[in-house]
Amino acid sequence: TRFSGEIQTDFLISDLTAARQVMDVITTGLLFEREEADAELQGLLIDLILGPNSISSIRSKRENRAYYIQNLFKIEDRFTLQGGARLDYNSDFGSIINPKVSSSYIISPTDTKIRAGWGKGFRAPSIQEIRFPFFGNPNLDPERSTSYEIGLDQWFFSRETTLSATYFYISIKDLIQAGPAGIDNIGKATSKGVELETSLKPFESLRLRVNYTYFKAEDSATGEELPFRSKNKWYLNLLYLLTPAFTFNIDINIVSSQAIPVDFIALDGSTLSGRSPGYTRVDLTASY
């Protein structure tokens, strides 16, 4: 069971008006989360490990309080600077501060946006990762990450067509990873990649968006590929307005294969070993 609540307040320091082309907004907030787990597990796997008619239970609770502040500074539509910090207090892992800053600038003659960002992150292991019988690890440490990204957006034809490219790099310490021996922290891991996207509107009634992401994640100590992560992902969205009231939408997701740390038995009875196959999913939606 999870309970959460949040309160947020914006303070407008300066407004973006015709007379004053500067906007400055300070945002502050408080977030509260409480997790409780109270479950009894039984079944064939429990019986095989502990004996017939065995029952194993999970009983745990955790609270997290976060305080954050952010400042958004903007000059016209050309320059944006955003910075902030978040203080988390976790009842199991103590306090940690994570800063974040990002900025963008538009080159008016070519209608080109340059953007960049940097930030730190924190993820506490879930109750299941710590407490789940046989697979959980009560000695897990939280993950800590540092991320960087830089990107470029280019508009054409009165902004009806957009081309975007983003490079990102994430360094993670104490990554929580499942393996043959259970769940554990690995020393360091890195994730990096490139995201390319284009969106266009060839007709008033037709909108098309195509996205491709190349993602490489590996254990920094061994150089091995991290499991459950696809290197290549494609996404295609087509939105067609047949009439102002009738909309037809197609979503296509293409995902490449993933490394897996242990063997699995698939639903059709086959054994997956080393890699799980990629797949394609198509979603069709019509609304009136």
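Tell me yes or no: at least one residue of the range 92-101 is under 21 Å from GLN8 (Cα atoms), of a type in the set (Phe, Trp, Tyr) and crowded, with 16+ Cβ neighbours inside 10 Å.
no
Can you name the number of the only condition in (1) of a type in the set (D, E, K, R); (2) within 16 Å of the chain's Cα centre (by Cα); (3) within 19 Å of ASP219 (Cβ to Cβ) that LYS188 fails?
(2)
Quick check on ALA19: is it over 31 Å from the mean Cα position of the chain (by Cα), hydrophobic (A, V, I, L, M, F, W, C) and modelled with pLDDT of 60 or more?
yes
Under 6 Å between Cβ atoms, at least 6 apart or on separate chains: pull out the pairs that start in the range 66-78 with a residue that is among the aromatic types (Phe, Trp, Tyr) and end on any residue that is open to solvent by less than 60 Å² (accessible area, probe 1.4 Å).
TYR68/GLY29; PHE73/ASP24
Could you please give the count of residues in the range 59-99 that are over 15 Å from GLU35 (Cα atoms) and not acidic (Asp, Glu)?
The qualifying residues number 25.
Select from the range 235-256 the residues that are touching a residue at least 24 places away in the same chain (Cβ under 8 Å), assigned to a loop (DSSP other than H, G, I, E, B) and either at positive phi or loosely packed, with under 15 Cβ neighbours inside 10 Å (or both) and list them in ascending order.
LEU242, ALA245, PHE246 - these are the residues of the range 235-256 that are touching a residue at least 24 places away in the same chain (Cβ under 8 Å), assigned to a loop (DSSP other than H, G, I, E, B) and either at positive phi or loosely packed, with under 15 Cβ neighbours inside 10 Å (or both).
For GLY84, only one of the following conditions fails: (1) touching a residue at least 40 places away in the same chain (Cβ under 8 Å); (2) open to solvent by 50 Å² or more (accessible area, probe 1.4 Å). What is its number?
Just one mismatch for GLY84, condition (2).
Going by the conditions given, is LEU152 at pLDDT 95 or above, under 28 Å from ILE260 (Cα atoms), surrounded by fewer than 17 Cβ atoms within 10 Å (Cβ to Cβ) and of a type in the set (A, V, I, L, M)?
In short, no.
I'd like to know if the range 202-219 contains one or more residues that are within 19 Å of LEU140 (Cα to Cα) and either among the aliphatic types (A, V, I, L, M) or part of a strand (DSSP E or B) (or both).
Yes, the conditions are met somewhere in the range 202-219.
The values are calculated or read from the model by the stated rules, or taken from the named source; none is laboratory data. The structure displayed is predicted, hence computed values, not measured ones. Note that each Cβ is placed from the backbone with ideal geometry, even for glycine, and that neighbours are counted across all protein chains shown. When the accessible area is computed, the model is the full protein with side chains, heavy atoms only, and any ligands, DNA or RNA have been set aside. Shrake-Rupley method; radii C 1.70, N 1.55, O 1.52, S 1.80 Å.
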